[in-house]
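Written out below as structure tokens is the structure these notes cover.
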Amino acid sequence: MLFQVLSSLLLTLTAGASSALLPRVDTPAPFNSSLFKDLNVSRGLNYHYYAVPADTGKPTLLFLHGFPSTSYDWRHQVAFFQDKGYGLLVPDMLGYGGTSKPLDPQLYVSSLVTRDIIDILDAESIEQAVIVAHDWGSQTASRLANYFPERFLSYAFLAVGYFTPTSFATPYEENLNLSKAVLGYENFGYWDFFSSEGADQTILDHFDSFWDLFYTNDTTKTITDFSPLGAYEAFITNDTRIPPVDYVTPEERAIQMEAIRQGGLAAPLNWYKIVRGTLEGQDDKGIPQENALIHSPVFFGVALRDYVSVSAPTFLAGALVSSNSTVTVREYNSGHWVQMAFPDEVNGDLLQWIEGLGLDQGVHKFY
């Protein structure tokens with residue numbers, strides 16, 4: 001794939017930052033600390049992930065989180081599905097938690113990250129899995145569908161839907177102008193700050209304010225204080241404080257914040273740098289044209305009050321147009337963090353969807 005040879009060379013230069021993992025404490029219940037694993041994937045990076053073997057006849061679910069997160073984002077889904085005998089693979093994505101944190105943005109392009117995820121499936125002898133993804137995890141899920149469709153039975157996207165192979169072909173500035181013309185504001189203007197030099201330290205210097213706005217009950221504030229160009233940086237550097245969401249307890253917030261603080265934000269912000277610039281758009285040119293269509297069932301959980309991912313209709317249209325299989329849509333009166341805000345509803349809908357696929361008739365492991 002594009003950048004693969006160069007990335008392999010650059011990996012050697014960034015090894016000090018990528019392989020030296022910071023001390024960590026694995027996340028508490030419902031996670032079982034004995035079920036966390038570490039894998040050195042084929043390109044030499046370490047992935048830390050939670051692995052639960054499936055009961056006979058049950059498929060394995062692969063959960064992919066986004067920014068700024070770790071596998072702990074899926075605590076409600078882990079508790080629900082592991083009790084029902086489903087196999088679980090829940091990695092800390094590249095740059096987060098116990099996984100390597102390379103500082104070179106080129107190491108985060110989808111052709112490389114998707115290969116990492118396949119390495120995890122291979123290590124666990126999982127031939128096929130069901131993907132459940134959120135935020136930037138949905139980007140990785142989309143590219144797994146594009147590069148390795150034979151390895152996945154179905155795809156569930158939460159809040160952020162399917163990214164077509166041309167999603168990042170349009171220059172960032174053009175997309176900003178378009179969103180401002182349609183919405184009245186740039187709904188991805190914060191990408192500019194997140195991809196700027198020194199943003200990681202600025203965020204850590206004003207971490208409570210940053211976290212308040214990411215997890216705000218009043219999601220309309222994302223229209224004024226989060227999304228437009230310059231708004232997020234101004235909000236946090238003024239140390240503005242607003243009431244947090246009520247579905248994340250103070251203890252859970254402390255766990256989430258400490259996991260990000262320990263690892264820093266220099267590595268996670270690379271997920272924005274590759275799409276703010278041209279790296280991901282260029283990398284996506286390597287997607288086989290015949291794989292632009294999703295040939296497996298799709299679930300899309302729409303977060304109706306997520307005004308950052310306000311392009312939900314576009315994501316839905318992309319899923320419908322880009323799938324020649326069934327598309328199941330469920331709506332939640334939620335902001336961005338739908339899997340935490342409405343865990344019972346989301347879990348119930350996912351279970352109904354998965355059970356309706358008849359996956360327990362197949363064999364999803366190899367030896």
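Can you show me the helix-derived [θ] at 222 nm for the chain, built from DSSP H runs with n ≥ 4 at -39,500 (n - 2.57) apiece and divided by the number of residues, rounded to the nearest 500.
Details: 16 runs with 142 residues, N = 367.
So the calculated ellipticity at 222 nm is -11000 deg cm²/dmol.
For E186, which sequence-distant residues (separation of 5 or more, or a different chain) have an amide H within less than 5 Å of its own amide H, given hydrogens modelled in the peptide plane?
Long-range HN contacts for E186: L229.
If you roll a 1.4 Å probe over the heavy atoms of the protein chains, what accessible area per residue do you get for the chain, in Å²? List each step's numbers first, then the result.
Working: 14280 Å² over 367 residues.
I get 39 Å² per residue for this part.
In the full protein assembly as shown, how much of L158 is accessible to a 1.4 Å probe, in Å² to the nearest 10?
Estimated to the nearest 10 Å², L158 gives 0 Å².
At 1.4 Å probe size, with no ligands or nucleic acids counted, give the accessible surface of D83 in Å², nearest ten.
Probe radius 1.4 Å; accessible area of D83 about 130 Å².
Quick one: ranking E173, E355 by accessible area, 1.4 Å probe, largest first, what do you get?
Numbers: E173 90, E355 115 Å².
Per-residue accessible area, sorted high to low, gives E355, E173.
Under 5 Å between amide hydrogens, which residues at least 5 positions from F342 or on another chain qualify, with H placed 1.01 Å from N in the peptide plane?
So F342 has HN proximity to no qualifying residue.
Could you size up the charge dipole of the chain around its Cα centre, putting +1 on the beta carbon of Lys and Arg and -1 on that of Asp and Glu, and report it in debye to the nearest 20?
Values: 21 positive and 42 negative charges, 103 e Å.
Dipole about the Cα centre, nearest 20: 500 debye.
Over the range 66-197, what percent of the accessible surface lies on carbon and sulfur atoms, probe 1.4 Å? Mind showing how you got there, number by number?
Values: 1710 of 3380 Å².
Answer for the range 66-197 is 51 percent, counting heavy atoms of protein chains only.
If amide hydrogens are placed 1.01 Å from N in the peptide plane, which non-local residues have theirs closer than 5 Å to the one on A129?
Correct list: F152, L153.
What is the total of Lys pairs in the chain with C-alpha atoms under 20 Å apart, excluding same-chain pairs fewer than 8 positions apart? Working shown, then result.
Numbers: K37/K101; K37/K365; K58/K84; K58/K365; K84/K365; K101/K273; K180/K221; K273/K285.
The result is 8.
The values are calculated or read from the model by the stated rules, or taken from the named source; none is laboratory data. None of these values were measured; they are calculated from a predicted model. With ideal geometry, Cβ positions are generated from the backbone for all residues, glycine too; neighbour counts draw on all protein chains shown. Note: areas computed on protein heavy atoms with side chains; ligands, DNA, RNA excluded. Shrake-Rupley method; radii C 1.70, N 1.55, O 1.52, S 1.80 Å.
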